[in-house]
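Here's the structure, in C-alpha cells; my notes come after.
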Amino acid sequence: LLNGAPHKVFGLNRHQSYPYVGFAMPQRVQRRDAAILADLNCTMVRCSHYPQSPHFLDACDELGLMVWQEPPGWVHLGGARWQDMVLQDVRDMVIRDRNRPSVIVWATRLDETGNAPALYAKTRRLAYELDGTRPTTGAMRVHSTDGWAQDVFGFDDYHGSDGGAVLLPPLPGVPYLVSETVGALAGPPRFRWVDSDRVLASQALMHAQVHDIAAADARYAGVLAWAGVDYASMNGGRRIWRSLKTPGVLDSFRVPKPGAGFYRSQVDPALRGVILPTFSWGRSEVLRDGAPTALTDPSAAVMIATNCDRLEVFVDDVHVATGVPDARRFPYLAYPPVFVELPVADPAHGSGRGELRIDGYVRGQWIATVRMSADTSRDRLEMTADDQAIQSDGSDATRVTFRAVDAYGNRRANVTGDVVLSLSGPALLVGDNPFAFGAYGGVGGAFVRSLAGQTGTVTVAAEHRSLGRAVVHVTVTDRASDPT
C-alpha cells in the first residue's frame with residue numbers, strides 16, 4: 001500500500017558500475033541514474049547487491065523512487081568471522097539510511113544464499129532494533145518458505161517458455177515480490193548492440209510479459225526486473241567489452257536499448273505520447289537473421305512500444321498497416337505493445353525500404369509521429385552531453401554519448417569502424433580513444449571530468465570516417481550547478 005492505496009511495484013535492479021571507473025563516480029553522475037530510472041517510469045529500484053551511493057539515494061528521496069536496500073553479498077556464506085562482517089554491514093547500512101523516505105525494505109538475508117537460520121535471525125533482529133518501521137526481505141532462488149524467516153518473500157524468477165518469460169505463482173500466505181526476472185537467463189544469453197533486431201526486441205517482449213503476469217494477480221506485490229544497466233563482471237574476459245554482462249535495458253553508458261522502450265511506454269499519454277519501435281528500419285530484414293521474411297508470414301510482425309491506442313504506418317506515404325495494442329496477449333498492462341507486419345526488402349529498390357512513418361492516435365486524436373529512414377547516405381554521428389555545466393572541483397563529471405543515427409535520430413545498426421575523440425579546455429576525457437564503435441555496436445560514450453580550480457569552456461568532438469563529426473560544449477564553473 002502506498003499512501004493507503006494498493007500499488008503494484010514496477011521497477012528494475014541497479015548496479016552502480018560505470019565504464020572505465022567502476023563505482024568511482026561523483027554526485028552528479030550517481031544522481032543521474034535515479035532520474036533515468038524515473039524516466040523509465042520505475043516506481044522502485046533494488047540496490048543490487050550492496051548499499052549504493054548516498055548521492056543516488058538522495059535523488060531517490062527527492063524523486064519518490066522507492067528503494068530496496070541490501071548489504072554486500074551474493075550466493076556465498078562464510079564462517080564465523082565472515083558472518084560477523086555481515087552483521088556489521090547490516091548495522092552500518094540501517095544506521096546510514098534509516099532516515100531516508102525512499103528506503104522501504106531492508107534485505108537482511110544476502111542475495112541468493114542458502115538457509116542460515118542463526119545468522120539471519122541475528123540480522124533481522126538487528127534491523128528491527130535499529131529501525132522498527134520497515135519490513136525485511138532477501139532475494140531467494142529457491143521457491144519455498146522452508147528455512148525462510150523474513151517479512152517479504154523476494155524471489156529471483158528466471159523461468160521461460162516458448163522463447164518468452166514466465167513467472168512462478170506466488171507462494172501462499174506471504175507478501176511476494178519478484179526481485180529479479182528476465183535478465184539473460186530467461187531468453188538469449190546477451191542483449192548487446194551488436195546482436196540482431198530479433199534478440200534486442202525479445203528483451204522488450206519479455207519485460208512486457210512478466211509485468212503483465214504480475215499485474216494480473218493481486219498476490220504479486222510487483223516486479224523488479226533484471227536489470228536496469230549493463231555492468232562489468234569478473235566472469236567476463238580481459239577486454240573491457242567482453243567483461244560486460246549485458247542484461248540491462250540500458251547499456252553501460254545508460255543509452256536505452258529497445259527493452260527500455262517498454263518501460264518508457266508505460267505512462268499516461270496525457271503526459272507524453274510514446275512511439276518506440278524495437279527494430280532498425282535500415283536492415284534488410286526486420287526480425288529474421290538472414291533472409292528477408294515474406295510479408296504474409298506472421299513472424300514478420302514487429303513490436304512497437306507505445307501508449308497510443310492506434311498506430312497508422314506508412315512507407316513513402318503509402319499506408320501499409322494499422323496497429324492497435326495487443327490486449328489479447330497483454331490484457332493487464334496499462335499500455336500493451338503494438339505488433340504490425342511491415343513490408344520486407346525489395347531488391348529492385350536498392351536497400352529495399354523507403355521512409356517509414358508511424359502516426360500515433362489516442363481517442364481519435366493525433367498525438368505523436370515517428371519517422372525512420374532507410375537512406376544511409378543521410379546517416380550522421382549524434383553526440384550529447386548530460387549537463388551544460390560542471391563544477392571545477394576536480395571530481396565533478398558529466399556523461400557524453402555518441403550514436404550512429406539516421407536522418408531522424410533513430411539508431412542505425414551494423415555500423416563499423418572507430419570514433420576518434422578530442423577534448424579542448426579545462427577538463428579530462430575519461431574513456432577509450434579511439435572508441436571501438438563497431439565492436440560495441442554503433443553506440444559509445446565517455447565522461448568529462450573537471451580539473452581542480454580551472455574554469456572555462458570545454459569542447460568535445462567525435463569523428464567517424466563516414467558519419468562525420470559531432471561536437472558538444474560543457475562549461476566548467478567555480479559555482480556548483482544543479483547536479484540533476
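Every number in this text was worked out from the coordinates using simple rules, so none of it is lab data. Just so you know, these numbers come straight off a predicted model, no measurement behind them. Here Cβ is always computed from backbone atoms with ideal geometry, including for glycine, and neighbour counts include all displayed protein chains.
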**Q.** Kirkwood hydrodynamic radius of the stretch 130-262, Cα pairs, Å
**A.** 15.8
Q) Counting DSSP beta bridges in the chain, what percent are antiparallel, to the nearest 5? A) 70
Q) How high is the FRET efficiency between residue 76 and residue 428 when r is their beta carbon distance and R₀ equals 35 Å, given to the nearest 0.05? A) 0.40
**Q.** Overall dimensions of the chain as given by Cα atoms, namely Rg and Dmax in Å
**A.** 23.3, 74
Q. Just the C-alpha atoms of the stretch 396-484: what Rg/Rh do they give, with Rh taken as the Kirkwood radius?
A. 1.02
Q: Work out, step by step, the length gained on full extension between residue 243 and residue 461: first 0.36 nm times the residue separation, then minus their alpha carbon distance; give nm to one decimal.
A: 75.8 nm
**Q.** Extension gain, residue 159 back to residue 115 (0.36 nm per residue minus Cα-Cα distance, nm)
**A.** 13.6 nm
Q: Whole Å is fine, so just give me how far the alpha carbon centre of the stretch 108-183 lies from that of the stretch 355-428.
A: 40
Q | the chain - charge dipole about Cα centre, Lys and Arg +1 at Cβ, Asp and Glu -1, debye rounded to 20 | A | 580
(Q) Starting from 0.36 nm per residue, how many nanometres of slack lie between residue 363 and residue 83 once their C-alpha separation is accounted for? (A) 94.9 nm
Q.
Let me check I've understood the local charge: for residue 255, count other residues with C-beta under 14 angstrom from its C-beta, Lys and Arg +1, Asp and Glu -1. What total comes out?
A. +3
(Q) For the stretch 1-104, take N as its residue count and report Rg(C-alpha) divided by 2.2 N^0.38 Å. (A) 1.15
Q) How much net charge surrounds residue 273 when only the other residues with a Cβ under 13 Å from the Cβ of residue 273 are counted, with Lys and Arg +1 and Asp and Glu -1? A) +1
Q: For the chain, find the longest principal axis of its Cα atoms and tell me its angle to the long axis of helix 197-215, 0 to 90°, nearest 10.
A: 40
Q) Simple spin-label model, 7 Å along Cα-to-Cβ: residue 143 to residue 217 in nm? A) 0.8
